[in-house]
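Following: one structure in structure tokens, then a few remarks.
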Amino acid sequence: MFVIGERINGMFRAVARAIQQRDGAAIADLSRKQVAAGAHALDINTGPTADDPAEVMAWLVQVVQEAVDVPLSIDSPRPPVLAAGLRACRRPAIINSTTGAQSKLDAIVPLAVEYRAGLIALTNDERGIPRNAAARAEIALTIVARAMEAGLPTDQLYLDPLVLPVNAAQDQCEEALEAIATFRTLCEPAPHILLGLSNVSQGTANRSLINRTYLAMAMALGCDAAILDPLDKDLMDTIRTARILLNQEIYAESYLQSKPA
Amino acid sequence: MPVELVRETSPGRIFTVTIGASAAEGGTRAKTITIGGHGALPFLPGDAPSPHRPVVAMEVMDAVPAEWPDVLREPLADVLDSPADWARKAVEVYGADLVCLRLFGPHPDWKDTPPDAAAATVRAVLDAVPVPLIILGCGHAEKDNDVWPRVTEAAKGERCLVGVAVPENYKTLVVACLADGHSILAESPIDVNIQKQLNILITEMGLAPDRIVLHPGNASLGYGLEYEYSIMERIRLAGLQGDKMLSQPVLTIVGEEAWKAKEARLSETAMPPWGALASRGPAWEAGTAAAFLHAGADIVVLLHPDAVAATKRTIAGLALAASA
């Protein structure tokens, strides 16, 4: 399970403040905490900022990679901000994200090829959010075809079945799970399947419980990556336990005491 | 038709462990041994070349079991009473890469040797040979816990490999190894889950995971070998998949089990078709060792000089074939 830590995001008030004051120590601290908790990569999102977002992105990348040596997921809807982040990265990064919309694919797939980056692709497009698993798979196929055309190896793709908040679109939780199984069969090598996990519990009272329950279900169907909060210990323990139950890690009584792989 | 070989890459890598410390490193060894570092299954250099080839340790004891067969006693008859001389012969005459000293003497049912005497034996062996030392206790938990701290102190700074830590008895040994700069041999009863469990417990006490060598159990050709082989292979595969608690190099104690086999012991009159008794025991050791080398053993511990010679040839041959 490839864990991308979600905490470096300007949507969080403390991070927004750190960005505003260019408080590198606070960002570095949050980076180290997430990696120590088991994150394999860190997502970087400037959030809404009064400053030039491209400049903020480059600054965040520099601060984070000074503190930790993991791949970064450059998170922005805007290609110039993505490019600024990718330029600043010392090691291959992950782009977060494109969708299946033609204009997005045109702008972002070449960036992934140029920077030899992984690419997170949300399975929605110009028509909006798909209503069922089949519609998600159709968009996923468009994305995979475009990646292959452009020469982006399909194991660099992280297809996101687009999870919606359970309190707003309850039926879509199941549709997204169904899509996971389909995505895996789209190409060889198989794409990664990634969840933007926290979305599922947006606005609910039991966020942590809903997150970890959903992730365990998704892992059983083949989800192998997620953007999530690695500081949620129950969630990280659930991942370890699911890995044991799926025979991805060897059982030992005290497996939770050891560092995750 | 050209055959295209399938190549595998693995996300994990087996830890590199060095046994023995030179003068510059705080010990007195003229020679140190480094094992592990593998990024693939054994002897598949196309997948990932192994930086360190397996090594042969020769067993030396402070007390020889009464039931030892003559075939085993003969070549060593002049040194069986002196662990230091035995160690010297193992290295100088038989070319052992390192010495595995077994402290059977302290066992209460055997000689009940006091801890200080065991420590003196360790020091005498260290002074007799330039190679690194593996030190094994007598297996009696209470007595081992008395002996280990004295022994590790006598060898302080020499970066020995000391064992065996078992799930029921590991804490004293871990503390002693931490205090005196040694690495630990961790043993499980042919069980990958328990092996992992023990490694977690040992690292929880503060010993780094790259100071552990695994001993996944005892078996010999015809007597449980396949089971141990598969466990060793499973450990290597888990390590290569990134499981840090199963990413340690592996040691196998071959001699003891091989010489228990009836094939190594039954006389020529009892079993004429089996051929010369003198060659059967060494062959049983060497055959067992060869299998474990294929399963990923980094150190094989042997008893008979002929088995040592044969196993060294096996390793050289496998390494040569793998580098071709």
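General remarks:
- Qualifying residue in the range B:164-181 (condition: open to solvent by less than 30 Å² (accessible area, probe 1.4 Å), among the polar types (S, T, N, Q) and under 18 Å from the mean Cα position of the chain (by Cα)): no
- Single unsatisfied condition, B:Y223 versus (1) surrounded by fewer than 21 Cβ atoms within 10 Å (Cβ to Cβ); (2) within 23 Å of B:L173 (Cβ to Cβ): (2)
- Search result, residues across the range A:106-121 that are touching a residue at least 60 places away in the same chain (Cβ under 8 Å) and either open to solvent by 10 Å² or more (accessible area, probe 1.4 Å) or in contact with a Cys (Cβ under 8 Å, 6 or more places away or on another chain) (or both): none
- Positions within the range B:244-262 being surrounded by fewer than 24 Cβ atoms within 10 Å (Cβ to Cβ) and within 9 Å of chain A (Cβ to nearest Cβ), in sequence order: B:K244
- Annotation note: of A:N124, A:N96, the sole residue that is open to solvent by less than 50 Å² (accessible area, probe 1.4 Å), among the polar types (S, T, N, Q) and free of Cβ contacts under 8 Å to residues at least 60 places away in the same chain is A:N124.
Listed here are the residues, each with its yes/no results for (1) more than 16 Å from the chain's Cα centre (by Cα); (2) within 14 Å of chain B (Cβ to nearest Cβ); (3) under 28 Å from B:R236 (Cβ atoms); (4) not polar (S, T, N, Q).
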residue: A:L215; (1), (2), (3), (4): no, no, no, yes
residue: A:G222; (1), (2), (3), (4): no, no, yes, yes
residue: A:L235; (1), (2), (3), (4): no, no, no, yes
residue: A:R240; (1), (2), (3), (4): yes, yes, yes, yes
residue: A:E249; (1), (2), (3), (4): yes, yes, yes, yes
residue: A:E253; (1), (2), (3), (4): yes, yes, yes, yes
residue: A:L256; (1), (2), (3), (4): yes, yes, yes, yes
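- Taken together, the criteria exclude A:N96 from residues that are over 22 Å from A:E55 (Cα atoms) and either among the basic types (K, R) or within 17 Å of the chain's Cα centre (by Cα) (or both).
- Scan of the range B:191-229 for residues that are under 23 Å from B:R102 (Cβ atoms) and more than 14 Å from chain A (Cβ to nearest Cβ), ordered by number: B:R211, B:V213, B:H215, B:G217, B:N218, B:A219, B:S220, B:L221, B:Y223, B:G224, B:L225, B:E228
- Check on A:L177, over 14 Å from the mean Cα position of the chain (by Cα) and open to solvent by less than 30 Å² (accessible area, probe 1.4 Å): yes
- Pairs where the first residue, in the range B:10-21, is on the phi > 0 side of the Ramachandran plot and the second is in a strand (DSSP E or B) and surrounded by fewer than 24 Cβ atoms within 10 Å (Cβ to Cβ), C-beta under 8 Å, 6+ apart: B:G20/B:I33
- Tabulated pairs, the range B:281-302, first within 16 Å of B:H52 (Cβ to Cβ), second among the basic types (K, R) and in a helix (DSSP H, G or I), C-beta under 9 angstrom, 6+ apart or interchain: B:G296/B:R236
- A single entry from A:L194, A:L177, A:L159, A:L119 fulfils the requirement of being farther than 24 Å from A:S103 by Cβ, at pLDDT 95 or above and in contact with a Phe, Trp or Tyr (Cβ under 9 Å, 6 or more places away or on another chain): A:L177.
- Residue within the range B:52-65 that is open to solvent by 60 Å² or more (accessible area, probe 1.4 Å), of a type in the set (V, I, T) and not in a helix (DSSP H, G or I) present: no
- Checked across the range B:10-17, the condition of being in a strand (DSSP E or B), exposed (fewer than 15 other Cβ atoms within 10 Å of the Cβ) and within 21 Å of the chain's Cα centre (by Cα) holds for at least one residue.
- Look at the range A:129-158: where a residue is within 15 Å of A:K104 (Cα to Cα) and a partner is of a type in the set (F, W, Y), sitting 6+ places away or on another chain with Cβ atoms under 6 Å, you get A:A140/A:F183.
- Test: residue in the range B:149-162 that is more than 24 Å from B:G39 (Cβ to Cβ), away from every other protein chain (no Cβ under 14 Å), touching a Pro at 6+ places or on another chain (Cβ under 9 Å) and modelled with pLDDT under 95: no
- Being assigned to a loop (DSSP other than H, G, I, E, B), more than 18 Å from the chain's Cα centre (by Cα) and more than 19 Å from B:G317 (Cβ to Cβ) is not true of B:G46.
- The listed residue being out of contact with any Cys (no Cβ under 8 Å at 6 or more places or on another chain), open to solvent by 40 Å² or more (accessible area, probe 1.4 Å) and more than 19 Å from B:I14 (Cβ to Cβ), out of B:A309, B:A290: B:A309
- All of (1) closer than 27 Å to B:V17 by Cβ; (2) assigned to a loop (DSSP other than H, G, I, E, B) hold for B:A119 with one exception: (2).
- The test for being within 14 Å of chain A (Cβ to nearest Cβ) and either open to solvent by 30 Å² or more (accessible area, probe 1.4 Å) or of a type outside the set (D, E) (or both) holds for B:I235.
- Being small (G, A, S) and either assigned to a loop (DSSP other than H, G, I, E, B) or surrounded by fewer than 20 Cβ atoms within 10 Å (Cβ to Cβ) (or both) is a description that applies to A:S103.
- Scanning the range A:136-156 for residues that are under 15 Å from A:I120 (Cβ atoms) and of a type in the set (D, E) yields one hit, A:D155.
- Contacts under 6 angstrom Cβ, first residue in the range B:78-93 being over 9 Å from B:V125 (Cβ atoms), partner open to solvent by 30 Å² or more (accessible area, probe 1.4 Å), 6 or more apart: B:V79/B:D85; B:V79/B:K89; B:L80/B:V64
- Scanning the range B:26-45 for residues being surrounded by fewer than 19 Cβ atoms within 10 Å (Cβ to Cβ), in contact (Cβ under 8 Å) with a residue 40 or more places away in the chain, of a type outside the set (V, I, T) and under 17 Å from B:P132 (Cβ atoms) gives a total of 3.
- A single entry from B:A23, B:A48 fulfils the requirement of being more than 18 Å from B:A96 (Cα to Cα), open to solvent by less than 40 Å² (accessible area, probe 1.4 Å) and aliphatic (A, V, I, L, M): B:A48.
The values are calculated or read from the model by the stated rules, or taken from the named source; none is laboratory data. All values reported here derive from a predicted model rather than from experimental measurement. Reconstructed Cβ throughout: ideal geometry from the backbone, glycine too, with neighbour counts over all protein chains shown. Heads up: the accessible areas ignore ligands, DNA and RNA and are worked out on the full protein's heavy atoms, side chains in. Shrake-Rupley method; radii C 1.70, N 1.55, O 1.52, S 1.80 Å.
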